[in-house]
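Every read-out reported here was derived from the displayed coordinates using simple, explicitly stated rules and does not represent laboratory data. All values reported here derive from a predicted model rather than from experimental measurement. Note that each Cβ is placed from the backbone with ideal geometry, even for glycine, and that neighbours are counted across all protein chains shown.
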Amino acid sequence: VVISIIAILAGLSMTGVMMGRQSGEEGAVKSNITGLVTLLEQYAVETGGYPPSSLSFFRIPSNGINEGIESVLACLE
């Protein structure tokens, strides 16, 4: 009986730990996105517009996958 109670308590505590960890990871992702938005807004103010959506502007060959975000990263370097 004691072992069963310990197992139940351990299971409940692990659930709480996992939920807390997931919440922390979500907070980090939200923070990263907010930072990117800030950088893009700053870029738009400084240059008068947002980054191009094509890598051809930079004369960088593209594989056609994720080209928009790659273009953003090229602008922010």
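Observations, loosely collected:
- The listed residue being of a type outside the set (Phe, Trp, Tyr), surrounded by 10 or more Cβ atoms within 10 Å (Cβ to Cβ), touching a helix residue (DSSP H, G or I) at 6+ places or on another chain (Cβ under 8 Å) and outside any loop (DSSP other than H, G, I, E, B), out of Leu40, Leu9: Leu40
- Some residue of region 58-70 being touching a Leu at 6+ places or on another chain (Cβ under 7 Å), surrounded by 10 or more Cβ atoms within 10 Å (Cβ to Cβ), part of a helix (DSSP H, G or I) and of a type outside the set (Ser, Thr, Tyr): yes
- Taken as a whole, the structure leaves Glu46 outside the set of residues that are part of a helix (DSSP H, G or I), among the acidic types (Asp, Glu) and in contact with a helix residue (DSSP H, G or I) (Cβ under 9 Å, 6 or more places away or on another chain).
- Conditions (1) exposed (fewer than 10 other Cβ atoms within 10 Å of the Cβ); (2) part of a loop (DSSP other than H, G, I, E, B); number of the one not met by Ser53: (1)
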